[in-house]
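Visitor: Before I ask anything, let me first share the structure, which is written out below as structure tokens.
The values are calculated or read from the model by the stated rules, or taken from the named source; none is laboratory data. The structure displayed is predicted, hence computed values, not measured ones. Cβ: placed from backbone, ideal geometry, glycine included. Neighbour counts: every protein chain shown. Note: accessible area is taken over every heavy atom of the protein model, side chains too, but ligands, DNA and RNA are not part of it. Shrake-Rupley method; radii C 1.70, N 1.55, O 1.52, S 1.80 Å.
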Amino acid sequence: MPDSNKLIIFDTTLRDGEQSPGASMTREEKLRIARQLERLKVDVIEAGFAASSPGDFDAIRAIASTIKESIICSLSRANERDIARAAEALEPAARKRIHTFIATSPLHMEKKLRMSPDQVYEQARLAVRYARKFTDDVEFSPEDGSRSDLDFLCRVLEGVIDEGATTINFADTVGYGVPEMIGHTLKTLRERIPNSDKAVWSVHCHNDLGMAVANSLAAVMIGGARQIECTINGLGERAGNTALEEIVMAVKTRRDHFKLDVGIDTAQIVPTSKLVSQITGFAVQPNKAVVGANAFAHASGIHQDGILKARDTYEIMRAEDVGWSANKIVLGKLSGRNAFKQRLEELGIALASEAEVNAAFARFKELADRKSDIFDEDIMALVSDEQNAHEHEFYKFVSLSQHSETGEKPSAKVVFAADGKEVKCEGQGNGPVDAIVNAIESHTASGAELLLFSVNAITTGTQSQGEVTMRLSKSGRIVNGVGADLDIVVASAKAYLSALNKLQSKNEKLNPQL
């Protein structure tokens, strides 16, 4: 059994986090995040749900082939097809885990599964027994555990541990729990189940009532949980999941209270947060704990005076310990290709070929001609732009011109490639971005609905690149497109085309609820 004084960090950004509407990631984007999670020293990476789509299967297999330090996990429903698919995807992994689940609440069993409690009990046991044929590391989750009957939970969990489940993950699937309830439920389960000591106990909380972190910590302190399932930035379905950065820093900062260790390299927290935000297009709110832009800002005169006299008067942790630091200029227009390539390696960015490195370097030199100071965030944005261009080439931005003045209707001319053929189009709108969208739509006629348009500065100063996110909806599909450029109007065109590319993709997937 693992060290009882260590808290296992199980990251599900690539699985549950991706279930946020519009947060779907490509194989290469998932690989970039997985590499960064390994740098963060996450214990377990849930890389996806292998049976959900061919794309998810390929991404899990690529991650399993690449990551060596973290355990790689795939989710599966409690059936042989899902489990076999997960095992196949995980086959190259140095360390692997199959995570299987089935609903145990009366509501879910009756309305969703249409199964009796006895059928669910047998299905759970059979699933774990089958998963053990592929690996000794099997996790089981009772879906909607917080609304399940306690006696039935005891019966099911005793059964799956008897079949060889090594981790039991209590899932608060709909964020129904409150801290005291979650903590005491886990404590009661561990006390009542005779073989509970043969498994590591875990918790998976959703943030529907804003208590995911509190519920998870209560499960640790009261219930004896030694694994927490969480995501970067609290990303996830509906209101999100337990935020990894908050859990880790709570346990490290208040070690006097929790008396537990975590193996996370906390200096990688902010870089990981920024990477996930940049890839998914989900901006981090400024007042977000640990990773928000204002997390270590002090505006009050009294606070500022205290900080100047003694830092710990108003700061319980150091900004640099979680990866915050002043933006460091690392490269400029005179920097060579080798320096650029080395910086990519330092940032954990691995490009697939020398051709991709050359293309990214060409974009870097172009940016350096237009912007005097190049920051790490700029490099991450241009590399992401380059990788997206290689992965989704149906629509590709070429150029634009736009005219806007007071009293006149804005207009735009956009040139882009559609399946390799150059297209020129024009449009008018209520503003320059509206004109660009109308111009593109005059050719694509996608009929998509724009749900979100947001602009964020990648770095500080008026020379900062603008990062634009466009969220589109069509026929029940929701996708995010992200574009970056010194000109936010150009960034807007790139973002819209990026979103159209994702709508163009037929990579449908099935998302479980856990």
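Visitor: Restricting attention to region 165-193, report how many residues are assigned to a strand (DSSP E or B) and open to solvent by 30 Å² or more (accessible area, probe 1.4 Å).
Guide: 0
Visitor: Could you list, in sequence order, all residues of region 248-268 that are under 28 Å from Arg27 (Cβ atoms) and either in contact with a Cys (Cβ under 8 Å, 6 or more places away or on another chain) or surrounded by fewer than 23 Cβ atoms within 10 Å (Cβ to Cβ) (or both)?
Guide: Gly263, Asp265, Ala267, Gln268
Visitor: Ok, one more. Can you confirm whether Val383 is among the aliphatic types (A, V, I, L, M), at pLDDT 95 or above and surrounded by 15 or more Cβ atoms within 10 Å (Cβ to Cβ)?
Guide: So Val383 fails the test.
Visitor: If you don't mind, another one. In this structure, is Gly223 in contact with a strand residue (DSSP E or B) (Cβ under 8 Å, 6 or more places away or on another chain), in a loop (DSSP other than H, G, I, E, B) and either small (Gly, Ala, Ser) or open to solvent by less than 10 Å² (accessible area, probe 1.4 Å) (or both)?
Guide: It is true that Gly223 is in contact with a strand residue (DSSP E or B) (Cβ under 8 Å, 6 or more places away or on another chain), in a loop (DSSP other than H, G, I, E, B) and either small (Gly, Ala, Ser) or open to solvent by less than 10 Å² (accessible area, probe 1.4 Å) (or both).
Visitor: Which numbered condition trips up Ser76, out of (1) touching a residue at least 40 places away in the same chain (Cβ under 8 Å); (2) surrounded by fewer than 16 Cβ atoms within 10 Å (Cβ to Cβ); (3) not charged (D, E, K, R); (4) not in a helix (DSSP H, G or I)?
Guide: Tallying (1) touching a residue at least 40 places away in the same chain (Cβ under 8 Å); (2) surrounded by fewer than 16 Cβ atoms within 10 Å (Cβ to Cβ); (3) not charged (D, E, K, R); (4) not in a helix (DSSP H, G or I), Ser76 fails exactly one: (2).
Visitor: Would you confirm, using the coordinates I've provided, whether Leu510 is within 19 Å of the chain's Cα centre (by Cα), surrounded by fewer than 16 Cβ atoms within 10 Å (Cβ to Cβ) and touching a residue at least 12 places away in the same chain (Cβ under 8 Å)?
Guide: Criteria met by Leu510.
Visitor: Okay, moving on. Is one or more of the residues making up region 155-164 at positive phi, assigned to a loop (DSSP other than H, G, I, E, B) and in contact (Cβ under 8 Å) with a residue 24 or more places away in the chain?
Guide: Taking every residue of region 155-164 in turn, at least one turns out to be at positive phi, assigned to a loop (DSSP other than H, G, I, E, B) and in contact (Cβ under 8 Å) with a residue 24 or more places away in the chain.
Visitor: Write out, first by first residue and then by second, each pair whose Cβ atoms fall under 7 Å of each other, whose residues are 6+ apart or on separate chains, and whose first residue, in region 10-21, is assigned to a strand (DSSP E or B) while the second is open to solvent by less than 10 Å² (accessible area, probe 1.4 Å) and small (Gly, Ala, Ser).
Guide: Phe10/Ser202
Visitor: Hey, any hits in region 84-97 for a residue that's open to solvent by 30 Å² or more (accessible area, probe 1.4 Å), farther than 25 Å from Asp265 by Cβ, touching a residue at least 12 places away in the same chain (Cβ under 8 Å) and under 17 Å from the mean Cα position of the chain (by Cα)?
Guide: Scanning region 84-97, I find no residue that is open to solvent by 30 Å² or more (accessible area, probe 1.4 Å), farther than 25 Å from Asp265 by Cβ, touching a residue at least 12 places away in the same chain (Cβ under 8 Å) and under 17 Å from the mean Cα position of the chain (by Cα), so the answer is no.
Visitor: Does Ser196 satisfy being open to solvent by less than 50 Å² (accessible area, probe 1.4 Å) and within 23 Å of the chain's Cα centre (by Cα)?
Guide: No.
Visitor: Can you work out which of the residues in region 315-359 that are of a type in the set (Asp, Glu) and farther than 18 Å from Leu275 by Cβ is modelled with the lowest pLDDT?
Guide: It comes out as Glu315.
Visitor: Is it the case that region 451-462 has a residue that's more than 29 Å from Ile374 (Cα to Cα), open to solvent by 60 Å² or more (accessible area, probe 1.4 Å), modelled with pLDDT of 95 or more and touching a strand residue (DSSP E or B) at 6+ places or on another chain (Cβ under 7 Å)?
Guide: no
Visitor: Same structure, new question: Look through Ser4, Ser74, Ser53 and report the one residue that is out of contact with any His (no Cβ under 8 Å at 6 or more places or on another chain) and closer than 28 Å to Gly224 by Cβ.
Guide: Of the residues listed, the single one that is out of contact with any His (no Cβ under 8 Å at 6 or more places or on another chain) and closer than 28 Å to Gly224 by Cβ is Ser4.
For every residue, the table says whether it meets (1) buried (at least 16 other Cβ atoms within 10 Å of the Cβ); (2) in a strand (DSSP E or B); (3) not basic (Lys, Arg).
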{"position": "Phe397", "(1), (2), (3)": "yes, yes, yes"}
{"position": "Lys409", "(1), (2), (3)": "no, no, no"}
{"position": "Val414", "(1), (2), (3)": "yes, yes, yes"}
{"position": "Ala417", "(1), (2), (3)": "no, yes, yes"}
{"position": "Val423", "(1), (2), (3)": "yes, yes, yes"}
{"position": "Thr469", "(1), (2), (3)": "yes, yes, yes"}
{"position": "Ala484", "(1), (2), (3)": "yes, yes, yes"}
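Visitor: Just give me the residues in region 1-30 being closer than 23 Å to Gly263 by Cβ and open to solvent by less than 10 Å² (accessible area, probe 1.4 Å), in sequence order.
Guide: Leu7, Ile9, Phe10, Asp11, Thr12, Thr13, Leu14, Arg15, Asp16, Gly17, Lys30
Visitor: While we're here: Among the residues of region 245-259, is any under 20 Å from Val291 (Cβ atoms), outside any helix (DSSP H, G or I), at pLDDT 95 or above and in contact with an Asp or Glu (Cβ under 9 Å, 6 or more places away or on another chain)?
Guide: no
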